[in-house]
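J.: Please see the structure below; I have some questions.
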Amino acid sequence: MTHEHITQDIFETMPIISPTVSNEEQARALGLDGDGDGDGNSSLRLLPDVLPAVQCIARARIPTTQGPEIFLHLYSNDMDKKEHLAIVFGEDVRSRSLYRRRAGETQADRMIRGAYVGKLTPGRRDADRDAATGAALRFDEATGDLVVEAGTTWTQPTLVRIHSECYTGETAWSARCDCGEQFDEAGRLMGLEGHGCIVYLRQEGRGIGLGEKLKAYNLQDLGADTVQANLLLRHPADKRSFGMATAILVDLGLADIRLLTNNPDKIIAVEGKRRLVHVRERVPMVPLAWTGGTGGVSSREVEGYLRTKVEKMGHLLSKPAVRTGE
Ligand SMILES: [Zn+2]
């Protein structure tokens, strides 16, 4: 499409229609209609009937510069060609698809895939049993499935963050959004708890991709807010879907969670139609610049970005009346 004259008018008069909303009646029947005005501002959203089939390809221990050790899980799936990830805090979280025994594989194969218990050390030969601690895995002989035994895993609802990739905010030091800060903060909280999972979805720019996101940034510099910019590019305000996250959480056995989010839609989306995952508690993510502490992204752009989240996308954030440092 061509844009001959971009004036503030265009941004103000644009209808805000989210294409993810296609059948209000059905959504209402599902109890998903927040305010029913179809402005994309409610929890009105159709959820997929079928979750993607995910398969954990590999898991590896990553010592981090921040202190806590993490276990990075890499997933393939049958819906897209992207490598979605789970950043897991806690050795005892077990991916069903990773640990399932495969015909003909050796103990060395299993260690290389990351399907082992305890810690890898030079010379270790057995994936299913850690000689150092005596910890052992048990399998269903008929199916090869891992048998998760009571007392061997964490039983409290796990702290979870669903994070969508943001190259600009995480790698290019962008102060247009607070993704990098939120990612760091989620990791910090999980490190303190010693348990948690960040599901890292490769859906850059609310799902529109990095190239389109850069165009949206130019529209924002021309006066649009984040929602208007996406709509001008003929993208929904938020093109992300979270069925992938649900499928990954189910695979990891994390059915009871405490979700770190300000976005009420995300709670409904991650629980899904069949409610295979239960959000027991919502843990708010307060931007660091608003907490009165030091650090955090602070810029004119991020202020507008957060304001749009609250005013147009229904995020549950209340901005402090007086900002510190002003
Ligand atoms: Zn971002």
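J.: Could you report the accessible area of residue 273 in Å², rounded to 10, computed with a 1.4 Å probe on the protein chains as they sit in the structure?
T.: Near enough 70 Å² of accessible area.
J.: First select every other residue whose beta carbon is under 12 angstrom from the beta carbon of residue 190; then total the charges, Lys and Arg +1, Asp and Glu -1.
T.: It works out to a net charge of -1.
J.: What length, rounded to one decimal in nm, is gained on full extension from residue 108 through to residue 139, with 0.36 nm per residue of separation minus their alpha-carbon distance?
T.: Values: separation 31, 0.36 × 31 = 11.16 nm, distance 1.72 nm.
Length gained between residue 108 and residue 139: 9.4 nm.
J.: Over what distance in Å are the Cα centres of the range 244-287 and the range 112-151 separated?
T.: Using only Cα atoms to place each centre, the spacing works out to 28 Å.
J.: Would you kindly state how much longer the chain becomes between residue 154 and residue 66 on full extension, computed as 0.36 nm times their sequence separation minus their alpha carbon distance, in nm to one decimal?
T.: Contour length minus the Cα-Cα distance gives 29.4 nm.
J.: Here's a follow-up. What does the charge count around residue 159 come to, taking other residues whose C-beta lies under 12 Å from its C-beta (Lys +1, Arg +1, Asp -1, Glu -1)?
T.: Spelling it out: positives minus negatives among the neighbours equals +1.
J.: Right, another one. Just how many pairs of Lys in the range 54-312 have C-alpha atoms closer than 26 Å, counting pairs that are eight or more places apart or on different chains?
T.: For the range 54-312, the number of qualifying lysine pairs is 26.
J.: Between residue 273 and residue 53, what FRET efficiency follows from the Cβ-Cβ distance if R0 is 22 Å, with the result rounded to 0.05?
T.: 0.85
J.: Stretch residue 100-residue 192 to full length: gain in nm at 0.36 nm per residue minus the Cα-Cα span?
T.: Roughly 30.1 nm would be gained on extension.
J.: Modelling each spin label as a point 7 Å along the Cα-to-Cβ direction, I'd like the residue 120/residue 79 distance in nm, to one decimal.
T.: Spacing of the two 7 Å Cα→Cβ label points: 3.0 nm.
J.: So for the range 54-312, averaging the separation of alpha carbon pairs under 8 Å that are six or more residues apart and normalising by length, what relative contact order in percent results?
T.: RCO, the range 54-312: 18 percent.
The values are calculated or read from the model by the stated rules, or taken from the named source; none is laboratory data. Note that the coordinates shown come from a computational prediction; the quantities given were computed from them, not determined experimentally. Neighbour counts run over all protein chains shown; Cβ positions are idealised from the backbone, glycine included. SASA here: full protein model, heavy atoms, side chains in, ligands and nucleic acids out. Shrake-Rupley method; radii C 1.70, N 1.55, O 1.52, S 1.80 Å.
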